[in-house]
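Below is one structure, written out as structure tokens, with a few remarks after it.
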Amino acid sequence: MSRKTARRYTFEIVFQIPFHLDFDALSAFDIYPEDNLPKINESERNYVKETITGVCKHLDIIDSRIEASSKDWSLARMNRVDLAVLRLAVYEIIYTDTPPGISINEAVELAKLYSGEESGSFVNGILANISKHPEVWHG
């Protein structure tokens, strides 16, 4: 499996967070169908766990960065798929050493795959705005 595939699994779990009030990062894999788990190697499993843990831990900061960079769009108005993609990408941009360009490109691809062509443009615009302001990257 590649990081791209691991990122896709992570996105699918991040998407589930709002639907599970008792969600915690340690139970993230309980959401995902068990038959898909053997396809994840140890390095990718660590990426998924660390990223889910980070998104959960820093969700308020991540959401504030998204909302501050979204012209005329509150989080409540955003498509749930787009919001999950943005949360994952913003976490990577702010809290990991993943180059912002990679996070943005992968997020745009996820948005197009799961939500549509227009979502790719929407996600790209918000993330491009965030990437232009590195002074707000660190929460």
For this session: Take segment 60-109 and flag every residue that is surrounded by fewer than 15 Cβ atoms within 10 Å (Cβ to Cβ), among the small types (Gly, Ala, Ser) and closer than 19 Å to GLY120 by Cβ.
Result: GLY101
Exercise. Which number in (1) out of contact with any Leu (no Cβ under 7 Å at 6 or more places or on another chain); (2) touching a residue at least 24 places away in the same chain (Cβ under 8 Å) marks the one condition that VAL85 misses?
Worked result: (1)
Exercise. Just for segment 37-49: of the residues that are in a helix (DSSP H, G or I) and surrounded by 15 or more Cβ atoms within 10 Å (Cβ to Cβ), which one is modelled with the highest pLDDT?
Worked result: TYR47
Problem set entry | Any chance ASP72 is out of contact with any Pro (no Cβ under 6 Å at 6 or more places or on another chain), under 18 Å from ARG3 (Cα atoms) and not in a helix (DSSP H, G or I) | no
Problem set entry | Test for GLY125: is it modelled with pLDDT under 90, over 20 Å from VAL48 (Cα atoms) and either within 13 Å of the chain's Cα centre (by Cα) or surrounded by fewer than 18 Cβ atoms within 10 Å (Cβ to Cβ) (or both) | no
Seminar exercise, completed: Apart from one, (1) among the aliphatic types (A, V, I, L, M); (2) assigned to a helix (DSSP H, G or I); (3) modelled with pLDDT under 85; (4) within 24 Å of ASN79 (Cα to Cα) all hold for LEU21; the odd one out is (2)
Seminar exercise, completed: Cβ pairs under 6 Å, 6+ apart or interchain, first in segment 49-78 and more than 23 Å from ARG8 (Cα to Cα), second surrounded by 18 or more Cβ atoms within 10 Å (Cβ to Cβ) and not polar (S, T, N, Q), ordered by first then second residue, are SER69/ILE126; SER69/ILE130; SER70/ILE126
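The values are calculated or read from the model by the stated rules, or taken from the named source; none is laboratory data. Keep in mind it's a predicted model, so treat the numbers as computed, not measured. Backbone-built Cβ (ideal geometry, glycine too); neighbour counts: all protein chains shown.
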